[in-house]
1. In the set Thr62, Thr83, which member is of a type outside the set (Asp, Glu) and farther than 30 Å from Thr134 by Cα?
2. Are there any pairs, at least 6 apart or on different chains, whose C-beta atoms fall under 7 Å, with the first in region 69-90 and of a type in the set (D, E, K, R) and the second surrounded by 10 or more Cβ atoms within 10 Å (Cβ to Cβ), and if so, which?
3. Being charged (D, E, K, R) and at pLDDT below 90 is the filter here; which residues of region 119-140 pass it?
4. Scan the strands (runs of 3 or more DSSP E) fully inside region 98-142 and keep the ones with 1 or more residues being of a type in the set (D, E, K, R).
5. Taking Ser131 as the residue in question, decide whether it is under 21 Å from Leu92 (Cβ atoms), surrounded by fewer than 12 Cβ atoms within 10 Å (Cβ to Cβ) and polar (S, T, N, Q).
6. Is there a residue being among the polar types (S, T, N, Q), more than 30 Å from Thr35 (Cα to Cα) and at pLDDT 80 or above anywhere in region 57-76?
Amino acid sequence: MTTPIGGAGTTNISDVLGKSNQEAAKSSNKLDQDTFLKLLVAQMKYQDPSNPADATQFLTQTAQFTQVEKLGVIADSMAKLDTIASGQASMLQSQLMLGASNMIGKTVTAKNPAGGADITGVVSSATFGGSTPTLKIGDTDVALSDVKDVRQAGAPAGPTPAASAGEQPV
């Protein structure tokens, strides 16, 4: 008669898996499908013939292992998506910083953060401390997202004379 796994004087789990104790210790943190199937076969092989395990128990174990394996795949996918999303956020932040830097020396019209009439003036500096860059117009800090119009310093506001005469700009 064979002895079940875990009984007195039984086979070591690493022997069942065909691995040395050192290899078993390295792979004990991660069980894959092959390992699961080897354990399932060993469990069937070493079961008590007078009291065999129920077939539905084996199917239940297989289904549970499949669920755990799929959840691991989903977790890995989510981790990859988080990595991609943080990279895209970093790229977006870099583009906003570049855009704000390019506005230094330009005349902009922006929504007044204190309310009231829009602010128009030359951007003297850009700050990158918060979630969105801010531009310094005179003594006022304006969020980059509040900018409504950008033009070269000294350029008149509104449409160009060619556009107002119905001509196409060159």
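The values are calculated or read from the model by the stated rules, or taken from the named source; none is laboratory data. From a predicted model like this one, the values you see are computed outputs, not experimental measurements. Positions of Cβ are backbone-derived with ideal geometry, glycine not excepted, and every protein chain shown enters the neighbour counts.
1. Thr62
2. If the second residue must be surrounded by 10 or more Cβ atoms within 10 Å (Cβ to Cβ), the pairs left are Glu69/Gln33.
3. Asp139
4. Answer list for region 98-142: 106-110, 134-137.
5. So Ser131 fits the description; yes.
6. no
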